[in-house]
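J.: The following block contains the structure, expressed as structure tokens.
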Amino acid sequence: MSSMVALNDIASRTLAYTKKLLPWTPREGPPAHEQMLLKLMRSSALSDVDAAVKIVERGCFEGAAETGCEDLAKFYALASAHGSAYAMNCLAYMSKHGIGVRQDDQGAVTLMKAAVDLGNTDAKNALALMYMQGRGLQRDDEKAVELMKLAAEEGSVSALYNLGYFFDDISKDYEYAAHYYKAAASHGDADAMNNLGVLYYEGRGVPKDSNEATYLWALAIREGSERALGNVLEKYGNMRIETEPHEDVVATLH
């Protein structure tokens, strides 16, 4: 199957879903963002549909409080039908969380898989979480790890962190957890710094070292981690502040 035929097949499947998800209503003319997207896509100077989507996204939606989530979802649906893997993954996120559209895990998985077929790195990480959580499809930890590793190899810091979380919280292989947390922390991920600090404090997968734990929590606090601040206050301040609606000392999935 040629790449063009494959793209058309993916776009057709995605369009069928988005039409079901977002019934179109007649209007006198296309909205500004739709006109801009189509104009950019016809431009010989901009052949990358994802780049066109991001330009329109920023120009028409960023900071526009009057623009509803439903309009944004419709824009992503339009862009998805034109083959934008970036838009597919954005719409999948909205579908997963019920933002601007009805909540639909299976629909989100459909969009994520289409985006993955087009090589979108963030979609690989997002689909991995669906496999890990068993949302919209059967739980499959092996497939989740495979997708996260692919995304991590392509530069996804969130995938590095999520691999750390998987080996920390699910498979309990703390040496691997520390390895991936260190990799994510080296890219400035505050949650990875916090969780790695917990491993050092408790001596899981790494030598027990309260000084290293405190250092990592301090770095995480500088990056805005409230969990890390809570950990420092709990361990060393004889008090605890509730910075989150739950009491987890480690951050959850990205």
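J.: Across segment 151-186, what is the number of residues that are of a type in the set (S, T, Y), in contact (Cβ under 8 Å) with a residue 12 or more places away in the chain and part of a loop (DSSP other than H, G, I, E, B)? Break it down stepwise before answering.
T.: Restricting attention to segment 151-186, the residues satisfying the condition of being of a type in the set (S, T, Y) are 156, 158, 161, 165, 171, 174, 176, 180-181, 186.
Pick out the ones that are also in contact (Cβ under 8 Å) with a residue 12 or more places away in the chain and you get 156, 158, 161, 165, 171, 174, 176, 180-181.
Then drop every residue that is not part of a loop (DSSP other than H, G, I, E, B), which leaves 156, 171.
So the count comes out to 2.
J.: Now, a different point. Find the residue count for segment 134-150, including only residues that are free of Cβ contacts under 8 Å to residues at least 24 places away in the same chain and assigned to a helix (DSSP H, G or I).
T.: Here is the first cut: in segment 134-150, the ones free of Cβ contacts under 8 Å to residues at least 24 places away in the same chain are 134, 138-140, 142-146, 149.
From what is left, the residues that are assigned to a helix (DSSP H, G or I) are 142-146, 149.
Result for segment 134-150: 6.
J.: Has segment 235-251 got any residue that is at pLDDT 95 or above, assigned to a loop (DSSP other than H, G, I, E, B), of a type outside the set (D, E, K, R) and over 19 Å from V157 (Cα atoms)?
T.: Taking segment 235-251 and keeping what is at pLDDT 95 or above, we get none.
Among the residues of segment 235-251, not one is at pLDDT 95 or above, assigned to a loop (DSSP other than H, G, I, E, B), of a type outside the set (D, E, K, R) and over 19 Å from V157 (Cα atoms), which makes the answer no.
J.: OK, next. Testing G134 on (1) small (G, A, S); (2) farther than 25 Å from H33 by Cα; (3) within 15 Å of the chain's Cα centre (by Cα), one condition comes back false. Which one is that?
T.: For G134, the exception is condition (3).
J.: Between residues in segment 192-221 that are surrounded by fewer than 15 Cβ atoms within 10 Å (Cβ to Cβ) and residues that are of a type outside the set (V, I, T), which pairs lie under 6 Å by C-beta distance while being six or more apart or on different chains?
T.: S210/Y201
J.: Of the conditions (1) outside the structural domain of Y201 (by TED's automatic domain parsing); (2) surrounded by fewer than 23 Cβ atoms within 10 Å (Cβ to Cβ); (3) closer than 29 Å to E226 by Cβ, G188 satisfies every one except a single condition; which number is it?
T.: Tallying (1) outside the structural domain of Y201 (by TED's automatic domain parsing); (2) surrounded by fewer than 23 Cβ atoms within 10 Å (Cβ to Cβ); (3) closer than 29 Å to E226 by Cβ, G188 fails exactly one: (1).
Here is a yes/no grid of residues against (1) outside the structural domain of V49 (by TED's automatic domain parsing); (2) under 25 Å from A220 (Cα atoms); (3) touching a strand residue (DSSP E or B) at 6+ places or on another chain (Cβ under 6 Å):
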residue	(1), (2), (3)
T110	no, no, no
R135	yes, no, no
K143	yes, no, no
A152	yes, yes, no
L160	yes, yes, no
F167	yes, yes, no
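The values are calculated or read from the model by the stated rules, or taken from the named source; none is laboratory data. Note that the structure is a prediction, hence the values are computed from the model and not measured. Glycine gets a Cβ as well: all are built from the backbone with ideal geometry, and neighbour counts include every protein chain shown.
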